[in-house]
1. Only one residue in PHE57, PHE35 is assigned to a helix (DSSP H, G or I) and at pLDDT below 75, so which one is that?
2. For the range 86-99, give me the residue count where each residue is open to solvent by less than 100 Å² (accessible area, probe 1.4 Å) and part of a helix (DSSP H, G or I).
3. Out of (1) at pLDDT below 85; (2) out of contact with any helix residue (DSSP H, G or I) (no Cβ under 6 Å at 6 or more places or on another chain); (3) open to solvent by less than 80 Å² (accessible area, probe 1.4 Å), the odd one out for LEU71 is which?
4. Identify all residues within the range 63-84 that are touching a residue at least 24 places away in the same chain (Cβ under 8 Å) and not charged (D, E, K, R); write none if there are none.
5. Determine whether the range 102-112 contains at least one residue that is in contact with a Lys or Arg (Cβ under 7 Å, 6 or more places away or on another chain), open to solvent by less than 20 Å² (accessible area, probe 1.4 Å), modelled with pLDDT of 85 or more and of a type outside the set (Lys, Arg).
6. Considering each residue of the range 75-123, count those that are over 20 Å from SER49 (Cα atoms), out of contact with any helix residue (DSSP H, G or I) (no Cβ under 8 Å at 6 or more places or on another chain) and not charged (D, E, K, R), and give that number.
7. Conditions: (1) surrounded by 12 or more Cβ atoms within 10 Å (Cβ to Cβ); (2) at pLDDT below 65; (3) under 23 Å from ILE75 (Cα atoms). MET212 meets all but one. Number of the miss?
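The values are calculated or read from the model by the stated rules, or taken from the named source; none is laboratory data. All values reported here derive from a predicted model rather than from experimental measurement. Glycine gets a Cβ as well: all are built from the backbone with ideal geometry, and neighbour counts include every protein chain shown. Quick note on the areas: whole protein, heavy atoms, side chains included, nothing else; ligands and nucleic acids left out. Shrake-Rupley method; radii C 1.70, N 1.55, O 1.52, S 1.80 Å.
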Amino acid sequence: GVAGYHLLQLFSHAIHALKIIITRFPPVFASIGEFGELVERLWLLKKLSLSGRECVFQKFKLPVCLDQRTLCEFIFEPVGFEDFLTSLVGKETRDELLNATPDLRGSFVAFNHFTSMTLEYIQNPADVMATYLSMGAACIPRRGSVGVDLMIPLVLRSGKMSFIYVQTKTGLSYEKSASVTDIAVSSPLKTFEAFTDPCLYIYHHVTAESTM
């Protein structure tokens, strides 16, 4: 988390360097898809760091502070779901999403880094997300997991554990009909058949424009 915070201060330089590597010097240690997932993780952390803080101040009745998060606040302070969505996709798309699924209102995310999962299969995503929440981490599922590349712990207003699950496409592997960031309420029957609580699905085509 600490290293990620300092890297995000140089986010534009890091993305520029990654673009050069991808276009001029294709990496031999990772596929283009794996490299895209690395960029995705940096992008999500950057959007998290740029998220507003209104939901936290309202929830815990704190005096409003518009200052950028300090290192300690980035590591330990949760982020309101609405504030995170605004940072990701803007207010208009956020409002459409929240109107379609009011059960996601008042939720919180809390992560400052990504950690690879050692479990071969996720049988109970809520239990897995609770474990990662306790570490302040989001999850990188095992390679080959169906329909999911990343999972972010999401604490619902009810106190139940849920998640945001992300599917990343890079280069020519994406669907031509998909927009840069498709975001939707989802019942992930293909991925987690037994999970019925509200969750969120993000389909992100990683491009130079979509990571700005």
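1. On the way: PHE57 fails: at pLDDT below 75.
So the residue among PHE57, PHE35 that is assigned to a helix (DSSP H, G or I) and at pLDDT below 75 is PHE35.
2. Taking the range 86-99 and keeping what is open to solvent by less than 100 Å² (accessible area, probe 1.4 Å), we get 86-90, 93-95, 97-98.
Filter once more, so that each one left must be part of a helix (DSSP H, G or I): 86-89, 93-95, 97-98.
Within the range 86-99, residues that are open to solvent by less than 100 Å² (accessible area, probe 1.4 Å) and part of a helix (DSSP H, G or I) number 9.
3. LEU71 satisfies all of (1) at pLDDT below 85; (2) out of contact with any helix residue (DSSP H, G or I) (no Cβ under 6 Å at 6 or more places or on another chain); (3) open to solvent by less than 80 Å² (accessible area, probe 1.4 Å) except (2).
4. Taking the range 63-84 and keeping what is touching a residue at least 24 places away in the same chain (Cβ under 8 Å), we get 71, 74-84.
Passing the criteria: LEU71, PHE74, ILE75, PHE76, PRO78, VAL79, GLY80, PHE81, PHE84.
5. Here is the first cut: in the range 102-112, the residues in contact with a Lys or Arg (Cβ under 7 Å, 6 or more places away or on another chain) are 105-107.
Next cut, open to solvent by less than 20 Å² (accessible area, probe 1.4 Å) only: 107.
Next cut, modelled with pLDDT of 85 or more only: 107.
Filter once more, keeping what is of a type outside the set (Lys, Arg): 107.
Scanning the range 102-112, I find at least one residue that is in contact with a Lys or Arg (Cβ under 7 Å, 6 or more places away or on another chain), open to solvent by less than 20 Å² (accessible area, probe 1.4 Å), modelled with pLDDT of 85 or more and of a type outside the set (Lys, Arg), so the answer is yes.
6. Final tally of qualifying residues: 8.
7. (1)
Okay, residues lined up against (1) crowded, with 18+ Cβ neighbours inside 10 Å; (2) at pLDDT 80 or above; (3) not in a helix (DSSP H, G or I):
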| residue | (1), (2), (3) |
| --- | --- |
| ALA14 | no, no, no |
| ALA30 | no, no, yes |
| CYS65 | no, no, yes |
| PHE84 | yes, yes, no |
